[in-house]
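The values are calculated or read from the model by the stated rules, or taken from the named source; none is laboratory data. Remember, predicted model here, so these are calculated numbers, not experimental data. Glycine also receives a Cβ, built like all others from the backbone with ideal geometry; neighbour counts cover every protein chain displayed. Surface accessibility is based on the protein's heavy atoms, side chains included, excluding ligands, DNA and RNA. Shrake-Rupley method; radii C 1.70, N 1.55, O 1.52, S 1.80 Å.
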Amino acid sequence: FFFQAEDGIRDYKVTGVQTCALPICVDANPEHAEQALEMGLVDEITNWQEATDRSDIIIVATPIDVTEQIVPGLLLRCRHQVVMDVGSTKKNLCATISNSPQRSRFVATHPMWGTEFSGPQSAISGAFDEKATVICDQDQSAPDALNLIEQLYQVLGMNIDRKSTRLNSSHLVI
């Protein structure tokens, strides 16, 4: 999902989150993109280049191997945008982008919630309430990028923990 800033507050039907963002969908599965639009989860569907150029926050929600392939290119296109991911493992991804000139625009995160299902039909209202999320290697992210993503998780009602990519989820106390 790609988000661009907008004045005003919107109430999302499925997430229940009040936000001032216009979600833009980029999905390799056209059926999922259309479902997200029909459900009111996103305001429009476009390609990743246009979405990146028009967005402030980019949330990468793909399998880890795909995330590791697309994040380096997203970062190269970023000017002010903040890129975050919501996958489980971070070590390889963070190593892959460690020398990127835009590394500081990336915030590595791992929300500790999910199901075995995928696609917009799997969206659950209030899913993140009181759940934990881990922000990894925060010293590698620009302060404004880190602050923006922390605010996003706070709006979602999540508890934030900070870790190094050298540690794994077994080190997290929930």
Restricting to the range 129-162, name every residue that is open to solvent by 70 Å² or more (accessible area, probe 1.4 Å) and not in a helix (DSSP H, G or I). 129, 130, 159, 162
I'm trying to understand the selection: among the residues of the range 83-92, which are open to solvent by 30 Å² or more (accessible area, probe 1.4 Å) and β-branched (Val, Ile, Thr)? 86, 89
Could you grab me the full set of residues in the range 11-34 that are open to solvent by 70 Å² or more (accessible area, probe 1.4 Å) and either in a helix (DSSP H, G or I) or at pLDDT below 70 (or both)? 11, 13, 18, 30, 31, 34
In the range 93-128, anything open to solvent by less than 30 Å² (accessible area, probe 1.4 Å) and assigned to a strand (DSSP E or B) is listed as 106, 107, 108, 109, 111
Filtering the range 35-82 down to residues that are open to solvent by less than 30 Å² (accessible area, probe 1.4 Å), in contact with a strand residue (DSSP E or B) (Cβ under 6 Å, 6 or more places away or on another chain), over 14 Å from residue 145 (Cβ atoms) and in a helix (DSSP H, G or I) yields 36, 51, 67
